[in-house]
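Here's the structure, in structure tokens; my notes come after.
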Amino acid sequence: QLCFADAQFRFPNAVSLVKKILDYVMENYCDNKLSLKQISEALGVHENYISNLFKTAYGENLSSYVEKLRIEKACELILENQHDLIAVYNGNYDATMHRFGPESIEALSQLRANADAFALFSQLIRRHWQQHNTLVGFAMDHGCHEIDGDLGSHGLDMPEDLNIRHRYMAYPAK
């Protein structure tokens, strides 16, 4: 799956740098502010170089990789059944919504991805936490309205900010 032949040709020291990127991501994937900029600053390598190298080596962008890793790790936590509370935050919808607008195709695509992840978590919890009374909640964002050039704004304490759709499911112990 990893294509180092092309990456090694296009990027000097590719193998070593990709390993450093992966190590940094594995150490910091729980940080909800983890970003390409943060990785770039930590490794002393330009963001575009990291982005292009990672995409060449893995065939997907770094943020997609981190998102999949977080989902995988959340699933592992569910299957381990060692916690009373698991909170999973994914800022992809929020960031995309504020970049392209709350009802843009891009934002709605990210919302769908979050809903799919929630469905996966809910399914795993239902199967593997049958001995627990369980409440599963899905809060996709803080609310938004189309201002600031039709992009959502933060922190205006407006009624529109309170128009939030949350989903909850309760599973009784068996």
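Considering the stretch 82-103 alone, what residues qualify as being surrounded by fewer than 14 Cβ atoms within 10 Å (Cβ to Cβ) and either of a type in the set (Gly, Ala, Ser) or at pLDDT 90 or above (or both)? Scanning the stretch 82-103 gives a single hit, Ala87. Looking across the stretch 42-64, the residues that are surrounded by fewer than 18 Cβ atoms within 10 Å (Cβ to Cβ) and either in a helix (DSSP H, G or I) or touching a residue at least 60 places away in the same chain (Cβ under 8 Å) (or both) come down to Ala42, Leu43, Glu47, Asn48, Tyr49, Ser51, Asn52, Lys55, Ser63, Ser64.
Filtering the stretch 65-81 to residues that are part of a loop (DSSP other than H, G, I, E, B) and open to solvent by less than 20 Å² (accessible area, probe 1.4 Å) leaves nothing. Of the residues making up the stretch 17-41, those that are basic (Lys, Arg) and surrounded by 13 or more Cβ atoms within 10 Å (Cβ to Cβ) number 1. When Asn114 is tested against (1) at pLDDT 90 or above; (2) touching a Phe, Trp or Tyr at 6+ places or on another chain (Cβ under 6 Å), just one condition goes unmet, and that condition is (1). Looking at Glu106, is it assigned to a helix (DSSP H, G or I), closer than 30 Å to His132 by Cα and open to solvent by 30 Å² or more (accessible area, probe 1.4 Å)? Taking the combined requirement at face value, the residue does not satisfy it.
The values are calculated or read from the model by the stated rules, or taken from the named source; none is laboratory data. What you see is a predicted model, and the numbers here were worked out from it, not measured in a lab. Using ideal geometry, Cβ is built from the backbone for each residue, glycine included, and neighbour counts are taken over all protein chains shown. Note: accessible area is taken over every heavy atom of the protein model, side chains too, but ligands, DNA and RNA are not part of it. Shrake-Rupley method; radii C 1.70, N 1.55, O 1.52, S 1.80 Å.
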